[in-house]
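Report on the following structure.
The values are calculated or read from the model by the stated rules, or taken from the named source; none is laboratory data. Predicted model only: the values in this text are computed from it and were never measured. Cβ placement follows ideal geometry from the backbone for every residue including glycine, while neighbour counts extend to all protein chains displayed. For accessibility, only protein heavy atoms count, side chains too; no ligands or nucleic acids. Shrake-Rupley method; radii C 1.70, N 1.55, O 1.52, S 1.80 Å.
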Amino acid sequence: METYNFVCIECPRGCDLTVVKDGENVQVSGNFCPKGKKYATDEVTEPRRIVTGSVRGEFGMISVKTNGSVKKSEIFSVMEKIKKVKVFTNLKIGDIIISNIDGEGTDLIATRPYENIAKED
């Protein structure tokens with residue numbers, strides 16, 4: 001049996017969570033809402049994270065993020081894919097740069113607009 005303590009990050013309330021994991025059985029206490037229970041359960045069974053980064057554009061860097069969380073164990077694989085990208089087109093916020101980057105339907109999207117033109121000084 002393992003016991004974990006977390007501060008929930010799903011909402012501003014920041015509940016102090018206690019998780020007891022006994023094999024496949026997970027008990028969560030201290031959560032004010034169902035989001036806290038899901039967060040804590042996921043953290044001890046299969047943690048996930050939003051991945052943020054930058055990709056190269058022809059005339060500068062473009063900030064990006066995944067539009068959903070990816071398995072924590074897949075973050076390095078996702079980052080390797082991000083490092084290989086170079087963009088040669090205009091982008092709006094939310095445009096997909098890499099579709100299904102994690103093999104589970106999560107896309108890599110632009111978080112800032114990008115114009116593929118040289119900036120004049």
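Tabulated data
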{"item": "Amide H contacts under 5 Å for R48, placed H, 5+ residues apart", "result": "K72"}
{"item": "Range in the chain, longest, excluding exposed trypsin sites (Lys or Arg not before Pro) [loop by DSSP; at most 16 other beta-carbon atoms within 10 Å]", "result": "14-83"}
{"item": "When each of K21/K71; K38/K81; K21/K83; K35/K86; K35/K83; K35/K84 is checked by Cα-Cα distance, pairs over 31 Å", "result": "K21/K83; K35/K86; K35/K83; K35/K84"}
{"item": "Within the chain, helix-based [θ] at 222 nm, where runs of 4 or more DSSP H residues each add -39,500 (n - 2.57), nearest 500", "result": "-5000 deg cm²/dmol"}
{"item": "Additional length obtainable on full extension of the chain from M79 to F59, 0.36 nm per residue less Cα span", "result": "5.1 nm"}
{"item": "DSSP-defined beta bridges in the chain - what % are antiparallel, rounded to 5", "result": "95 percent"}
{"item": "Sites matching GluC sites (Glu not before Pro) across the stretch 53-90 that sit in DSSP coil, with at most 14 neighbouring C-beta atoms within 10 Å", "result": "E58"}
{"item": "Near-label residues of the stretch 18-39 by backbone N, under 16 Å of a point 7 Å along Cα→Cβ of T3", "result": "18-23, 26-31"}
{"item": "Acute angle (nearest 10 degrees) that the helix 34-45 long axis makes with the longest principal axis of the chain, alpha-carbon atoms", "result": "90 degrees"}
{"item": "Sparse-neighbour loop sites [GluC sites (Glu not before Pro); the stretch 1-53; at most 11 other C-beta within 10 Å; DSSP]", "result": "E24"}
{"item": "J(HN,Hα) series, the stretch 47-61, from Karplus relation 6.51 cos²θ - 1.76 cosθ + 1.60, nearest Hz, glycine and proline x", "result": "x, 9, 9, 6, 9, 10, x, 9, 10, 7, x, 4, 10, x, 8"}
{"item": "Interchain or long-range residues, amide H under 5 Å from G57's placed H", "result": "I62, V87"}
{"item": "Accessible surface, 1.4 Å probe, highest first, among residues D22, D102, D16", "result": "D16, D22, D102"}
{"item": "Sites excluded, chymotrypsin sites (Phe, Trp or Tyr not before Pro) in DSSP loops with at most 14 other C-beta within 10 Å, longest stretch of the chain", "result": "89-121"}
{"item": "Choice from L91, L17, L108 showing the highest fluctuation, given a GNM over the chain with Cα pairs closer than 10 Å", "result": "L17"}
